[in-house]
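Please read the structure below before turning to the comments.
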Amino acid sequence: FDHCFKKLDDGYLYCEGTRVEDVMEVVERRPFYLYSKPQITRNVEAYKDALEGLNSIIGYAIKANNNLKILEHLRMLGCGAVLVSGNELRLAIHAGFDPKKCIFNGNGKLLEDLVLAAQKGVFVNIDSEFDLDNIVEAARIAGKKVNVLLRINPDVDPQVHPYVATGNKNSKFGIRNEKLEWFLDAVKAHPNELKLVGAHCHLGSTITKVDIFRDAAQIMVKYIDQIRAEGFELHYLNIGGGLGIDYYHTGAVLPTPKDLIDTVRDLVLSRNLNLIIEPGRSLIANTCCFVNRVTGVKTNGTKNFVVIDGSMAELIRPSLYDAYQHIELISPTPPDTEVSRFDVVGPVCESADFLGKDRELPTPSRGTGLVVHDAGAYCMSMASTYNLKMRPAEYWVEEDGSVSKIRHPESFEDHLKFFKDL
Ligand code: LLP
């Protein structure tokens, strides 16, 4: 993927044709998230092109970013949605997603949410014995037969941070193949409630080798052969999400959606399957920067710090996963500016509050703009109000270069609402 945020010859950072500094001047509050709408479109088109010639569903993983405007745009581009909670399901319906392109997923789905899923006719993944019981019960309550997929752990190592690995044999998600026969019998025992239509796996997130997906798909089609041999008419292979992106901005060549789809294409065609994919990060991460101002610079012991207005409250990935997200200043510095190594930190009261460690940067003056790149996925959606840093606004740059607000910032008054009339 190309980077849609680029420094041009004048030394300023641009989002498409728009100077980030200019956006910073007009927004009501900082820090904020700034997206490129054209880049979202380009990312979806890359997947669509990659999927040419296959029957497929792009199920966007809403957990990555649940901005309603972004969801509506993705829906308009033809995406379906992957949901992991009742509210994500409600939001997908609100945003107008076609239920036939939606998949309800998760290891702790609640009965009431499954009833809604059954009523709306979305696909539901079976994750465990009790989950199957709940889906059967929900089907009865809704008076609808549910199209189900079995989530199976292929036990392929995704080679990622343990917090974002999900398809291994000791994972809390999905079922192990030893139990496959039990689940097939249980589905057969409920012909009025369940229709088994496919198999699902999700290996993990930030995966940067497509061989991993091929290995998993090979294992999955064997299960599909086995399930079909038992008389089920399976139509769908769902290989989950997980494709990584170029967080390091080193120019390294990473697998594209086309590389991913090409490694599984023959397998999918050989079994006459429809392919479901569940990308989150690779659709939305690179479309956004988290935009801050430098509050000040300080030195303690051997460490230099750039203190910015954003923090782990708005963007927790570095603190939580030791994740690297590229950081740069958005405007040119005078040629004689000293370059040093800085920890880029926020104002939150704990030492876990950093956005980047040991980053080489020209010493910024107070008020300089600074961005954290690739902040479209799992940043705003994981933001908290810790230290009462209320959640920030979101904007996007449109195709014509104009900037629109796509989410209001949370306010202090919003917080007080939780205590009203108590
Ligand atoms: N499908 C399932 C079943 C998932 O659990 C996930 C992500 C996805 C699809 C989308 O995966 P993606 O294409 O975005 O990698 N908060 C972490 C990532 C957690 C991912 C959880 N599951 C982070 O910030 O890195």
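Odds and ends about this structure:
- Taken as Cα centroids, the stretch 1-57 and the stretch 365-414 sit 14 Å apart, rounded to the nearest whole angstrom.
- Average accessible surface area per residue within the chain, 1.4 Å rolling probe, Å²: 43 Å²
- Estimated D of the stretch 265-422 in µm² per second, where Rh is the Kirkwood radius over Cα pairs and Stokes-Einstein applies at 37 °C, 0.692 mPa s: 184 µm²/s
- Straight Cα distances below 19 angstrom link K48 to the aspartates and glutamates D2, E72, D98, D259, D262, D266, E278, with same-chain residues fewer than 8 positions distant left out.
- The portion of the accessible surface of the stretch 213-336 made up by carbon and sulfur, rounded to a whole percent, is 51 (1.4 Å probe; DNA, RNA and ligands excluded).
- Under 5 Å, built H, 5+ apart or other chain: amide partners of S56: L275
- The share of accessible area on the stretch 79-155 that comes from carbon and sulfur is 49 percent, using a 1.4 angstrom probe.
- Taking only the C-alpha atoms of the stretch 37-190, the Rg (one decimal) and the largest Cα-Cα distance, Dmax (whole number), read 16.3, 49 Å.
- When the P(r) of the stretch 44-120 is calculated, the portion above 19 Å amounts to 33% of the C-alpha pairs.
- Radius 14 Å from Cβ of H161, net charge of other residues (Lys, Arg +1; Asp, Glu -1): 0
- Tensor-based shape of the stretch 1-99 (alpha-carbon gyration tensor, a/c under 1.5 rounded, otherwise prolate or oblate): oblate
- Debye log10 I(q)/I(0) for the chain, one point scatterer per Cα, at q = 0.06 Å⁻¹: -0.27
- For the stretch 342-382, the residues whose backbone nitrogen is under 15 Å from a point 7 Å from the Cα of L388, taken along Cα to Cβ, are 348-349.
- Of the beta bridges in the stretch 261-357, as assigned by DSSP with both residues counted there, near 75 percent are antiparallel.
- Using C-alpha pairs under 8 Å with a sequence gap of at least 6, the mean separation divided by the residue count of the stretch 121-197 gives a relative contact order of 36 percent.
- Residues in the stretch 260-277 carry Karplus couplings, in order, of 4, 5, 4, 6, 10, 3, 5, 4, 5, 5, 4, 9, 6, 9, 8, 9, 10, 10 Hz; the curve used is 6.51 cos²θ - 1.76 cosθ + 1.60 with θ = phi - 60°, and Gly or Pro positions show x.
The values are calculated or read from the model by the stated rules, or taken from the named source; none is laboratory data. This structure is a prediction, so every number in the text was calculated from the model and none was measured. For neighbour counting, all protein chains shown are included, and Cβ atoms are generated from backbone atoms with ideal geometry for every residue, glycine included. To get the accessible areas, we keep the full protein, side chains included, count just its heavy atoms, and leave off ligands, DNA and RNA. Shrake-Rupley method; radii C 1.70, N 1.55, O 1.52, S 1.80 Å.
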